[in-house]
Amino acid sequence: MTGQGLPVAVVGAGMIDFGELFDVSYDEMVVGAYRRALSSVDKGIDDSQLEAAWLGTCFGEFIRRNVTTGALLADPLRFFPRPVTRVENACCTGSDAIRNAAFAIAAGIYDVVLVVGAEKMRDIPSRQSLVSQTATVFHEWSHPRGTTAPNRFGQFATAHMEKYGTRREDFAEIAVKNHANGKHNPHSHFKFDVSLEQVLNSAPISWPLTLLDACPTTDGAAAVILTHERIAASFTDRPIYLWGTGLATDPMFSGWKSSYTEFPATASAAQQAYSMAGIKPQDIDFAELHDCFTITELITYEDLGFCEKGKAGAWRASGGPYIGGQIACNTSGGLKAKGHPVGATGVAQVVEAWEQLRGEAGARQVENADIGLTHNLGGIGTIVSVNIYGREPRRQGRA
Amino acid sequence: MSSVNGGRDTVSTSWGSSAGLSGLGWYVPRLRLASKQWQKAWPGVSTDGGVTVAVPDSDEDVVTMAVEAADGALADAGISIDDVDEIYLASASGPYTTKSSAAMVGAGLGADRARTVDFGGSTRSIGDALTAALDAVAHGRVRRVLVIGSDFLPATPGDTLETRFGGAAGAAVVDAEARLLQARAAGSVLSTATTHWRCSGAKFVQRYDDPRLEREGSVVPNLVRSAASILEPEDLFVLPGTAAKFERLIAKESGHPRVSAQARTLAGVIGDTGNAHSLVALAEALSEAPTSVVVGFEGSGAGASAIRFTVPEAADLSRRQAVLPAVSDGALIDYVTFLKATGKLAPSDTSGPASPYSASPGWMRDERHLLAPTGALCSACGSLNYPPRSICIDCRGSDLTEVLLPRTGTVLTYNVQHIVPISPEEAPVAVCVAQMEGGRADGYGGKVTALMLREAAEDVRIGSEVRLIFRRAGVEHGMVRYGYKFGLRESSS
């Protein structure tokens, strides 16, 4: 399908407001996202038109369920007896659920499907969350007592600073940018500005990263409705189209990396997606990037080809990733301000693409937004997904 | 001299010229508790030791100290662990009552065929371990035995014994070559008299509050009797930790003036280090270039023993490093730091999240590779895969050979963790990824992730040269986990 895109359209997309949702259950989050996606369909859609569904949830054990299956979506929606597939692929969970749903449409199996991403992360205290989960995954091989996500990304920050002269401020400014964007997003977990001084002086968690370099732990859910492009017009006159998708892998153990200044799987996933879409990085108007930590977004500029290797700090300083810049990055606020409910994150990125490509993003609207990219990075660059969406169907020709 | 419960029987052994020591190693932890600091916490209680005692940090114990000392002894003898048939560990303060510490020391050293044996129950056990090793070599049953004494006896907080017991390990390579010392004879005295003891299940040592008992009822008379039949006029008498402060009295009672002059000084810096003490003191004594020595062992209601060694003519003692200069610049700590290092002061819950292993078959499968890090060396591309794998991480080759991972490497990246999810490490800690020597350095393989030793955390940089050091890694399900940390190598510190 090189350069041809996929015959897949998004005809509806919606999400619940992300946050610390003590009073909302996992089931209620799923139902909320589903309803918003359905109500976003311009010409309306009947639930019975949905033929199958994919559910992206990464940490089933966080919601006290031993086995997380498609039933976690089928049950609350009373979706029976239609098929539901549960996807777990670290931080790529939501994006990979979309990718697999799109393949089912491209294969001609279904015409209309639902994808829901949901994660209930705040039902447990933070010391039992991702922080210590990653500490125990490779507990013994990371002598003597494990490492954490902030640790592993912090090591990339140290190495990037050493090799390319990247300054601490270069990635701290990304937190400032994403908060500034996120405060205009009604769905954001954080709707406030932070200053460079606040980022630099916030609590040190994993030098050189501070608390405000890290995304929050967030509850949330998002949903999209995908159709074959041939029938998209029966649901809306303004669908968006999936132009390309890529997924790539790299070693999961931080002691098996080939370098600590890049994420090779990002470059590989991007190459797959660019090739399928028939575009170059410079064709992209906006991108939702996986800013689990600010340094991750900085390195991702380089891995996606938005700027030269080693020049991400300078590209940021030149205004490249800002709204109005060369490629606006994380207009939604990103994981940093919008929040990072792992399974929901990739699906919520499509909600932003939906609003940007339809010109509905309000104060954070990118002018003439024609092509958008979504990126998720799981583990320590262990698994990376890149999806590309366009305002027009790829095969009717643009580039 | 009167004797309350003096030696009843004296047993002598003699060896021909068929066994002795070919290497000596020792390890003394860097932390020091000064008696003055202790007295700030417990004013009005008199102290029982010298100026300072050596204190193992919270990631050290009898096992980790023993591994360090053994590494030194192997290096001194110029051999590798593969040259060792048996490993004897003597300790009265190991981490377990029921579970072998010697086996863990063997695992930490990378021994995969040596028989490991625990000696214990008293602080003279190291003398009996040496005697057994000398016998085994002399009778031709084995070629080489690694004998290690390691101790840090636990004292009750506030007990003056806290100013007496120190932590250390000493190790000796016993073989027929006897390049350092030729064993000649041994004496042993049976006595049940003791001044301190620890009951099963008790955390701390108890004692009689009567210093006369050591002088007149146990330590001094037993040692003097055990050595009486083997002491020659030219011998240097090396004393165990229990006897160090009786240096002059022993000289007088034994009628032998050549008691090692450093006994009191060494004990004054590192404390009475139990089963480690006589070997550490022997290493110190050899720097005095004696022609023969008698090494004494004593303690814990087991009487005393002594072994006489002569220095072979071919042995060159002139370049041997003395212990004292190397241990006299320890890091002084306050009493709270001491309590935390020794685990006497700990958060109520230090269990932390359990590892994915949790006493499972997975742990049993991987333990060997973790305790003595083994890599898989790829014959096709030279990548050193760690952890070991079936398909090469760099070239997908399948011809991989298991090798012990080299212990030295260079830091590729690091950062400083201010939040540590798993107790008992205290933040901040530096976490490093290092490229180990011995494999190709341009790919994925050959890297180890580990914490930097606390004392070196601020000095680490990308490019720092480091070595792997065996340390404790907390406790899970009541079982001590061991792993590795990085320490800076001399050249980059």
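Helix A:168-182 and the long axis of chain A differ in direction by around 30°, with both axes built from C-alpha atoms. Applying a length cut-off of 18 Å (Cα extent along the axis) and a mean Kyte-Doolittle floor of 0.0 to the DSSP H helices of chain B leaves B:62-77, B:125-138. Computed from Cα atoms, the angle from the helix A:93-106 axis to the main principal axis of chain A rounds to 30 degrees.
Efficiency by 1/(1 + (r/R0)^6): what FRET value for A:E61 and B:E458, r their Cβ-Cβ distance, R0 = 51 Å, to the nearest 0.05? Can you show the working numbers first?
Details: r = 38 Å, r/R0 = 0.74.
Between A:E61 and B:E458 the formula returns 0.85.
Amide H contacts of B:F237 (H built 1.01 Å from N, in plane; Pro and chain starts excluded): B:V259, B:S260, B:V294 sit under 5 Å, all sequence-distant by 5 or more or on other chains.
Residue separation of B:S379 and B:E490 scaled by 0.36 nm, minus their Cα-Cα distance, works out to 36.8 nm of gained length.
Taking trypsin sites (Lys or Arg not before Pro) across the stretch B:178-281, the ones in a DSSP loop with at most 13 further Cβ atoms lying within 10 angstrom of their Cβ are B:K203. A simple spin-label model places pseudo-atoms 7 Å from Cα toward Cβ; at B:S390 and B:R368 they are separated by 1.7 nm.
Label-to-label distance, A:E197 versus B:S328, with points set 7 angstrom from Cα along the beta-carbon direction: 5.2 nm. Lysine pair count for chain B with Cα-Cα distance under 30 Å and sequence separation of 8 or more or different chains is 21. Counting only DSSP beta bridges whose two residues both lie in the protein assembly as shown, roughly 75 percent are antiparallel. In order along the stretch B:167-183, phi translates into HN-Hα couplings of x, 5, 9, x, 9, 9, 9, 9, 7, 7, 5, 6, 6, 9, 9, 9, 6 Hz, rounded to whole numbers, per the Karplus curve 6.51 cos²θ - 1.76 cosθ + 1.60 with θ = phi - 60° and x for Gly and Pro. For the stretch B:10-341, a simple Cβ point-charge model (Lys and Arg +1, Asp and Glu -1, everything else neutral) yields a dipole of about 580 debye relative to the Cα centre.
Say a site is exposed when it is one of the GluC sites (Glu not before Pro), sits in a DSSP loop, and has at most 13 other Cβ atoms within 10 Å; what is then the longest site-free stretch of chain B? Longest gap between qualifying sites, sites excluded: B:1-233. A straight line joining the Cα centroids of the stretch B:115-173 and the stretch A:345-388 runs 65 Å.
Secondary structure note: in chain B, about 80% of the DSSP beta bridges are antiparallel.
The chymotrypsin sites (Phe, Trp or Tyr not before Pro) found in the stretch A:1-77 that occupy coil by DSSP, while having at most 12 further C-beta atoms within 10 Å, are A:F22. Which residues' amide hydrogens lie under 5 Å from the amide hydrogen of A:G56, considering only partners 5 or more residues apart or on another chain, with H built in the peptide plane? Under 5 Å from the amide H of A:G56: A:V87, A:V116, A:G117, A:A118.
A simple rule links phi to the HN-Hα coupling: the Karplus curve 6.51 cos²θ - 1.76 cosθ + 1.60 with θ = phi - 60°, which for the stretch B:43-56 gives x, x, 9, 6, 8, 10, x, x, 6, 9, 10, 7, 10, x Hz, with x for Gly and Pro.
In this rough spin-label picture, where each label sits 7 Å from Cα along the Cβ direction, the A:S39-B:D316 distance is 9.0 nm.
With contacts defined as alpha carbon pairs under 8 Å and 6 or more residues apart, what's the relative contact order of the stretch B:361-492 in percent?
Values: 283 pairs, mean separation 27.2, N = 132.
That works out to 21 percent.
For the stretch B:361-492, the convex hull drawn through the C-alpha positions has a volume of 112 cubic angstrom per residue. Legend: ranking of residues B:L286, A:L242, B:L384 from fewest to most surrounding C-beta atoms inside 10 Å; resulting order B:L286, B:L384, A:L242.
Remark on B:R144: its backbone amide H falls under 5 Å from those of B:D85, B:E86, a criterion applied only to residues 5 or more positions apart or on other chains, H modelled at 1.01 Å from N. The aspartates and glutamates within cross-link reach of A:K191, meaning a Cα-to-Cα straight distance under 15 Å and a gap of 8 or more places when in the same chain, are A:D17, A:E20.
Can you grab the distance from the C-alpha centre of the stretch A:167-199 to the C-alpha centre of the stretch B:216-280, Å, no decimals? Result: 70 Å between the Cα centres. Multiplying the residue separation of B:S100 and B:D210 by 0.36 nm and removing their Cα-Cα distance gives an extension gain of 36.2 nm. Pull up the DSSP beta bridges for the stretch B:361-492 and report the antiparallel fraction as a percent, rounded to 5. In the stretch B:361-492, DSSP labels about 95 percent of beta bridges as antiparallel.
Sparse packing (at most 11 other Cβ atoms within 10 Å of the Cβ) combined with a DSSP loop state is found for the following trypsin sites (Lys or Arg not before Pro) in the stretch B:358-403: B:R396. Could you please state, rounded to a whole Å, how far the C-alpha centre of the stretch A:1-24 is from the C-alpha centre of the stretch B:363-437? Each part reduced to its Cα centre gives a spacing of 39 Å.
Normalising the average separation of contacting C-alpha pairs (under 8 angstrom, six or more residues apart) by the number of residues puts the relative contact order of chain B at 17 percent. Each residue of the stretch A:303-317 was assigned a 3J(HN,Hα) from its phi angle through the Karplus curve 6.51 cos²θ - 1.76 cosθ + 1.60 (θ = phi - 60°); the sequence is 5, 7, x, 5, 8, 5, 4, x, 10, 4, x, 5, 5, 4, 5 Hz, with glycine and proline shown as x.
No lab work stands behind these numbers, since they all come straight from the coordinates. Computed from a predicted model, the values in this text were never measured in an experiment. Reconstructed Cβ throughout: ideal geometry from the backbone, glycine too, with neighbour counts over all protein chains shown.
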